[in-house]
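Visitor: Dropping a structure here in structure tokens format, bear with me for questions.
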Amino acid sequence: MSEVEKIKSRVQALLKMTEANGCSEAEALNATRLAGRLMDQFQLSAKDLFKEDLTCIEKAFPVSIVNRPSYDGCMSALAAYCDLKIWFSKGQNTSSYKVFGYKHDIDLFEYLFDIIKRAFETESSTFKRSVAYLNSNSKKTSTTSFQRGMSSSLYNKLVSMKEERNKEEHEIKTPDGNFSTQNTTALVVMKQENVRNEFSKYCSENGMFFRSVRRVVRKFNSNAFNMGKEAGNKVSLSRGIGNVNINLIG
């Protein structure tokens, strides 16, 4: 293996250190920083690294129609955080959220989606034992309002996480201040453009068309909604595998 191929392999290994692969968000960001530094140092472009690794896939996540409203409020933000396209597919017997993008991003989506589902189940069960729920005039309205409050909090949390990550990706510098972010930014832009282009082709090939559905809330319990927001604020959407040491060349 030539020296250039060795550098490419090292950069590719760094870029595989993602949250979906078990790293914390901080570790994944640090690995991206180091990869960008190597790319600058050895004048590698995004296309040099990912000529064969631009395949997008689709994956379905079955859900109950009954539970769908409780998740809907934060699903678009979750997909955006993971750089995926998402839509809801309603069938006669089964319904599901479907996502489209890179496999490692879908793995991250699956991990976070599982956290959110379990959080809704746990917190909703706790809410149904509360005085506010037991004294409410409509148990169904209270539960729905509580879950909408949770969705609202999680939506805002995911949007903030995405904004913070984007900000950090554009402000990466080495201790001496000489690190350019050009190649790191190019990786992000290339991935997003590829997902958009591949999704457009996927929809065309499968004759897929989308329509927006507006949900009208006729009954609402503000106290339950605020309790749901508090519950959503407590949900942790991060994980880590400990410290990771990476040796750079030069």
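The values are calculated or read from the model by the stated rules, or taken from the named source; none is laboratory data. Computed from a prediction, not measured in an experiment: that's the story for all the values here. Don't worry about glycine lacking a Cβ; one is built from the backbone with ideal geometry, like all the others, and counts go over all protein chains shown. Accessible surface areas use protein heavy atoms only, side chains included; no ligands, DNA or RNA. Shrake-Rupley method; radii C 1.70, N 1.55, O 1.52, S 1.80 Å.
Here is a yes/no grid of residues against (1) farther than 26 Å from LYS117 by Cβ; (2) open to solvent by 20 Å² or more (accessible area, probe 1.4 Å); (3) at pLDDT below 75; (4) out of contact with any Pro (no Cβ under 6 Å at 6 or more places or on another chain):
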{"residue": "CYS23", "(1), (2), (3), (4)": "no, no, no, yes"}
{"residue": "GLU27", "(1), (2), (3), (4)": "no, yes, no, yes"}
{"residue": "GLN41", "(1), (2), (3), (4)": "yes, yes, yes, yes"}
{"residue": "LYS59", "(1), (2), (3), (4)": "no, yes, no, yes"}
{"residue": "SER64", "(1), (2), (3), (4)": "no, yes, no, yes"}
{"residue": "MET75", "(1), (2), (3), (4)": "no, no, no, yes"}
{"residue": "LYS85", "(1), (2), (3), (4)": "no, yes, no, yes"}
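Visitor: For residues that are at pLDDT below 75 and not charged (D, E, K, R), scanning just the range 228-240, find the one that is farthest from the chain's Cα centre (by Cα).
Guide: First, pick out the residues of the range 228-240 that are at pLDDT below 75: 238-240.
Still in the list and also not charged (D, E, K, R): 238, 240.
On the way: SER238: 11, GLY240: 16 Å.
Among those residues, the one meeting the criterion is GLY240.
Visitor: Being at pLDDT below 90, open to solvent by 30 Å² or more (accessible area, probe 1.4 Å), assigned to a helix (DSSP H, G or I) and among the aliphatic types (A, V, I, L, M): is that true of VAL189 here? Full working, then the answer.
Guide: Numbers: at pLDDT below 90: yes; open to solvent by 30 Å² or more (accessible area, probe 1.4 Å): yes; assigned to a helix (DSSP H, G or I): yes; among the aliphatic types (A, V, I, L, M): yes.
It is true that VAL189 is at pLDDT below 90, open to solvent by 30 Å² or more (accessible area, probe 1.4 Å), assigned to a helix (DSSP H, G or I) and among the aliphatic types (A, V, I, L, M).
Visitor: Test of understanding: among LEU14, LEU54, which residue is of a type outside the set (Val, Ile, Thr), assigned to a loop (DSSP other than H, G, I, E, B) and at pLDDT below 80? Break it down stepwise before answering.
Guide: Numbers: LEU14 fails: assigned to a loop (DSSP other than H, G, I, E, B).
None of the other options fit; the residue is LEU54.
Visitor: Please go through (1) closer than 22 Å to ASN233 by Cβ; (2) buried (at least 18 other Cβ atoms within 10 Å of the Cβ); (3) at pLDDT below 90; (4) within 14 Å of the chain's Cα centre (by Cα) for SER70 and return the number of the only condition it doesn't satisfy.
Guide: Going through (1) closer than 22 Å to ASN233 by Cβ; (2) buried (at least 18 other Cβ atoms within 10 Å of the Cβ); (3) at pLDDT below 90; (4) within 14 Å of the chain's Cα centre (by Cα) one by one, SER70 breaks only (4).
Visitor: Just the residues that are among the β-branched types (Val, Ile, Thr) and crowded, with 19+ Cβ neighbours inside 10 Å, please, taken from the range 135-156.
Guide: THR143, THR144
Visitor: Sticking with this one: Name the single residue that is farthest from LYS140 (Cα to Cα) among those in the range 210-227 being part of a loop (DSSP other than H, G, I, E, B), hydrophobic (A, V, I, L, M, F, W, C) and at pLDDT 65 or above.
Guide: Selected residue: PHE210.
Visitor: Follow-up. Inspect the range 111-120 for any residue being surrounded by 12 or more Cβ atoms within 10 Å (Cβ to Cβ) and of a type in the set (Asp, Glu) and give the result as yes or no.
Guide: No, the range 111-120 contains no residue that is surrounded by 12 or more Cβ atoms within 10 Å (Cβ to Cβ) and of a type in the set (Asp, Glu).
Visitor: How many residues, within the range 110-155, are in contact (Cβ under 8 Å) with a residue 12 or more places away in the chain, outside any helix (DSSP H, G or I) and not hydroxyl-bearing (Ser, Thr, Tyr)?
Guide: Residues meeting the conditions: 1.
Visitor: Which one of the conditions (1) surrounded by fewer than 20 Cβ atoms within 10 Å (Cβ to Cβ); (2) on the phi > 0 side of the Ramachandran plot does GLY101 fail to meet, given that it meets all the rest?
Guide: (1)
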